[in-house]
Each structure stands twice: as C-alpha cells, then as structure tokens.
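So the structure is just underneath, and the comments pick up after that.
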Amino acid sequence: MGEFCAYKLMRKPLHIGIVVIAGSVLIISLIAFRRYLPYAGNLMSTQQPAIVLQIRNAHFVGLNDGKKIWSLDAKKVEIGQNRHITTLTHITNGKIYELEEMALQVEAGRAMYNSVAGNLHLDDGITLTGSDGQSLTAPGANWNSNNSTLNSAGKVLYQSPWGNASTDSISVDLKNKEMTMQNVVISIIPDKLEAAENAR
C-alpha cells in the first residue's frame, strides 16, 4: 500500500501541470482569435451611443423656472447621452423671449441647447429679426437665457429702418436694451434715425 500511495503522490503534480498548461493555451487562443468568435466583439463594450433619442419635425420650447425663454420648429432633434445637450437642425419659426414676450425671431441652420448652462448656440447661418424691423445675419450666435444676452460668432450684417452696418462682432443685452458693436462700418439715413429716436 505504501508504494501505491507514493505513486499517486508522484502523479498528482503532473496532473495539475497538465490542467494549468491546457488552461493557459485556452486563454491565449481566446485572446488571439477573439474577433473570429461568434460571442466575442461588442458584447463586452461599455461605450454608450452618442445619440440616445432622435425626433423629426418637432416643435420645441425652452423653459426656465416654468417660463418660456425660446421656442422653435426643427426638422430634426437629437438628444445626447448626457441628456442636457440637445441638437436641433433646420430651424424655422424660432422665437427668443424676454420676460415672456417675444424679443427676436430666429432662423438658423442648426442650434445646440445646453440646459445646464442655459445657452442656445446657433450656427450654420442665422437670421435674427427684431420687433421694430431690425435684422441681423451672421454665421452664428450664442444666446444665454440666464442673463438675456446675445453674442455673435463671425462677421455680422446689421440692417434697420434707419441704416445698415457691418461689424466684426455684436453683443445685445435685451434686459437693459443695449447693443455693442466692434469695428463697425455703418451707413445712416439721418431723418429715419431721428424718427426712430423720437419714437422711443
């Protein structure tokens, strides 16, 4: 019996060695040929899709504390995976509100709204029209609903009943009714400018 036990003790390490070698070969083969296996590939991927929701031909309304701050029609709306970035394309019938009254009408190729920052970024060519006949065209602009300011992106063409202007940038403060232009080239119709000033 003693010899039989000794024989078994000598065989046991060899058996464990075979199992370890076989397991190592299996793991290496799985790694080497992973892309050819039917159950391998994207099943282990944790990457989230960039777009989680897409809507077509939608009317969108932006709210802040239950008050309307902007509204627009878009041919396509995409909501990103972080949920607070919304991308809207082919913007028509857009409106920006100040104290729940329409301050500007908007048309744009695209808009991106950040609900956390309160920013509405407009680009791909925009046109903004005021209630008193003024209009602004530019490559893009940023509207911040928290402080009611509009800042242009790119060269701006400004048109009004009293004259026209081109400027490198424009900033509009709707709350204080102020407008600031940088590097302006302007042409004025004096009589109409005086009439506009008297109408205020």
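First check a/c for the stretch 117-192, with a ≥ b ≥ c the square roots of the eigenvalues of its C-alpha gyration tensor; if it is under 1.5, answer rounded, and if not, answer prolate when a/b is larger than b/c or oblate otherwise.
Details: a/c = 1.96, a/b = 1.52, b/c = 1.29.
The shape class here is prolate.
Close amide H partners of Gly163, meaning residues 5 or more places away or on another chain with modelled amide H under 5 Å apart, are Ile189.
A short reminder: the numbers here are calculations on the coordinates, not readings from a lab. This is a predicted model, so every value here is computed, not measured.
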